[in-house]
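Scroll down for the structure; my scribbles are underneath it.
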Amino acid sequence: MPKAFTWDNSPWIVLFFFFTPYMVHVFLGPQGELITVAGLMQFPYRATQILFGLVLLGCALVLMRKHNLKLSGPAMFISAMLLGAYLTQLATLVLRPDPKFNVEVFQLTVQFLISFIGFDLMARRMSFEDFGRAASPLALFFLIASAIHLQFFPIKIWDRSLFWGLHPNYGGELLAGAVMLIAFMKTPSLRWLGYALAIFCLIQVQARGALLAVLVVIGGVEMWGQRGLGPRLIAIGAAGAVAACLLLLFSPQTLDRATDFVANKIFMANNPLRGMGSGFVGRDETWAVALQDMTATPLTGRGMQQSGKTLLGLPIHNGYLKNFAEFGLIFGLALNMMLVVGTIWAFRQDRRLGFVMLACHIEYFFAPRNVNLSAFPLLMWLGVLPWKAPATAAESAKAKPAATAHPAMRPATR
């Protein structure tokens, strides 16, 4: 029988719906992006996102009062940096030749801080593993639905499948975010199902940075540090080498076909638009834009989500440079250093979280996002928080009688 609702298990219920805004966004597709209500762009997506953030913060404030919780040092530091950068931009607004108050920047800053602070307060009561397990059911459903869509209803442009009609790279970010949550599921078969679905989808949308990030998560979570891993890998490698030699003996063309499939079907090395080196072609032009922004406004930056674009309309494809361009050299450096230090802390908290952060750094280098409420990089900023330590095997065994409860109803304390 599931336990009755209490504020102590409310985080499980709230975080169960973490992936809801992203599903609303992608399932509605381009049509949803055109819906504007009361000046709020992409209304269904943004409204769901705001609603989740407010419920999250409300629940966190109740827990804060009940358990005398306090904001962590990393959360206060990051919040202070974002507020400091924003207030600095406001202070210098009158000095600009065309002063204009941007309501959307104010909204995005407040919205991010609301969600970020709510997560930080909940992190005093939950581990990141708890968060992943609470949010993973919807993340897995998202992967199943996406795989079905890309298998039977793909829309292709230049040999790349659009992601529900949206940009393939954006789809890759969401798919990688789903894997980062699924990696904490307790059932191995469900984890590997999620991995397989994500890799299939990423190959279809050709999001290579996200694919690399997913492989880092899988390798780190499933293989690194496992007991007896070395002998197992040696045995598997030896068996694979013998099988490969036998296959090549009877079919010498197999190696050429396999190499061609990986190079030209998965990575599309022979495609002029997606070929060798295309991961940097175009992105280096956006990096030049970042340097121009940093030179023009070194102290204040251009403002959150206000950095420049190339002549083709491409935003800066590097989160670290985007921080410098939007928040200035001082605040941008502080935010970048927090991500690096936070990754070290993450490895000390939970090895799996450390590899999630490492995967996020790979995405952060290539993606046009820095401080954002998308699944990525939001998970990256949440990863630097000092979450509660994961339950030990002894604690899990002690809490076993409650394991039959619905995942969203399990208590945070074990």
So which helices (runs of 4 or more DSSP H) stay within region 1-66 end to end and still have 1 or more residues that are aromatic (F, W, Y) and in contact with a Lys or Arg (Cβ under 6 Å, 6 or more places away or on another chain)? 10-16
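Working only within region 1-29, note down all residues that are surrounded by fewer than 18 Cβ atoms within 10 Å (Cβ to Cβ) and touching a strand residue (DSSP E or B) at 6+ places or on another chain (Cβ under 7 Å).
Of the residues in region 1-29, the ones surrounded by fewer than 18 Cβ atoms within 10 Å (Cβ to Cβ) are 1-8, 13, 20, 24, 27, 29.
Result: G29, single match.
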Counting only residues that are in contact (Cβ under 8 Å) with a residue 12 or more places away in the chain and polar (S, T, N, Q), which one in region 291-320 is nearest to I362 (Cα to Cα)? N318
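Take the conditions under 24 Å from P298 (Cα atoms), surrounded by fewer than 14 Cβ atoms within 10 Å (Cβ to Cβ) and in contact (Cβ under 8 Å) with a residue 12 or more places away in the chain and apply them to V94. Does it pass?
Values: under 24 Å from P298 (Cα atoms): yes; surrounded by fewer than 14 Cβ atoms within 10 Å (Cβ to Cβ): yes; in contact (Cβ under 8 Å) with a residue 12 or more places away in the chain: no.
Spelling it out, it is not the case that V94 is under 24 Å from P298 (Cα atoms), surrounded by fewer than 14 Cβ atoms within 10 Å (Cβ to Cβ) and in contact (Cβ under 8 Å) with a residue 12 or more places away in the chain.
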Is at least one residue of region 381-395 among the polar types (S, T, N, Q) and modelled with pLDDT of 90 or more? no
Only residues that are of a type in the set (G, A, S) and in contact with a Gly (Cβ under 8 Å, 6 or more places away or on another chain): list them for region 90-133, please. S115, G118
Restricting to region 193-204, name every residue that is crowded, with 24+ Cβ neighbours inside 10 Å and free of Cβ contacts under 8 Å to residues at least 40 places away in the same chain. L202
Quick one: N169 ticks every box in (1) crowded, with 18+ Cβ neighbours inside 10 Å; (2) of a type outside the set (A, V, I, L, M, F, W, C); (3) not in a helix (DSSP H, G or I) except a single one, so which number is it? (3)
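Of everything in region 309-337 that's assigned to a loop (DSSP other than H, G, I, E, B) and open to solvent by less than 10 Å² (accessible area, probe 1.4 Å), which residue is farthest from S79 (Cα to Cα)?
Taking region 309-337 first, the residues assigned to a loop (DSSP other than H, G, I, E, B) are 310-314, 316-318.
After this cut, where a residue has to be open to solvent by less than 10 Å² (accessible area, probe 1.4 Å) as well, the list is 316, 318.
Numbers: I316: 23, N318: 21 Å.
Once the filter is applied, the top-ranked residue is I316.
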I'd like to check something: does region 177-189 contain any residue that is polar (S, T, N, Q) and farther than 23 Å from L162 by Cα? yes
For region 283-308, the count of residues that are modelled with pLDDT under 90, open to solvent by 20 Å² or more (accessible area, probe 1.4 Å) and of a type in the set (S, T, N, Q) equals 3
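Here's the yes/no breakdown for (1) more than 20 Å from L71 (Cβ to Cβ); (2) in contact (Cβ under 8 Å) with a residue 40 or more places away in the chain; (3) among the charged types (D, E, K, R):
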| residue | (1), (2), (3) |
| --- | --- |
| K322 | yes, yes, yes |
| E326 | yes, yes, yes |
| V340 | yes, no, no |
| T343 | yes, yes, no |
| M357 | yes, no, no |
| F365 | yes, yes, no |
| P377 | yes, yes, no |
Of the residues in region 67-91 that are open to solvent by less than 30 Å² (accessible area, probe 1.4 Å) and not in a helix (DSSP H, G or I), the one that is modelled with the highest pLDDT is S72
Of (1) open to solvent by 40 Å² or more (accessible area, probe 1.4 Å); (2) free of Cβ contacts under 8 Å to residues at least 24 places away in the same chain, H361 fails just (1)
Considering only residues that are free of Cβ contacts under 8 Å to residues at least 40 places away in the same chain and not β-branched (V, I, T), look in region 171-191 and name the one that is nearest to P368 (Cα to Cα). G172
Go through region 368-388 and give me each residue that's within 17 Å of F327 (Cβ to Cβ) and assigned to a loop (DSSP other than H, G, I, E, B). P368, R369, N370, V371, N372, L373, V384
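Every residue, every condition in (1) open to solvent by 40 Å² or more (accessible area, probe 1.4 Å); (2) within 24 Å of P315 (Cα to Cα); (3) not aliphatic (A, V, I, L, M), yes or no:
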position: M122; (1), (2), (3): no, no, no
position: D130; (1), (2), (3): no, no, yes
position: A134; (1), (2), (3): no, no, no
position: L140; (1), (2), (3): no, no, no
position: W164; (1), (2), (3): yes, yes, yes
position: R191; (1), (2), (3): no, no, yes
position: Q206; (1), (2), (3): no, yes, yes
Let me spell it out: the conditions are (1) in a helix (DSSP H, G or I); (2) surrounded by fewer than 20 Cβ atoms within 10 Å (Cβ to Cβ); (3) of a type outside the set (G, A, S), and P154 meets all of them except one. Which number is the exception? (1)
So in region 97-120, with the set limited to residues that are touching a residue at least 60 places away in the same chain (Cβ under 8 Å) and open to solvent by 60 Å² or more (accessible area, probe 1.4 Å), which one is nearest to T343 (Cα to Cα)? E104
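The values are calculated or read from the model by the stated rules, or taken from the named source; none is laboratory data. What you are looking at is a predicted structure, and each value in this text was computed from that prediction instead of being measured. Heads up, the Cβs are rebuilt from the backbone with ideal geometry, glycines too, and the neighbour counts pull from every protein chain shown. When the accessible area is computed, the model is the full protein with side chains, heavy atoms only, and any ligands, DNA or RNA have been set aside. Shrake-Rupley method; radii C 1.70, N 1.55, O 1.52, S 1.80 Å.
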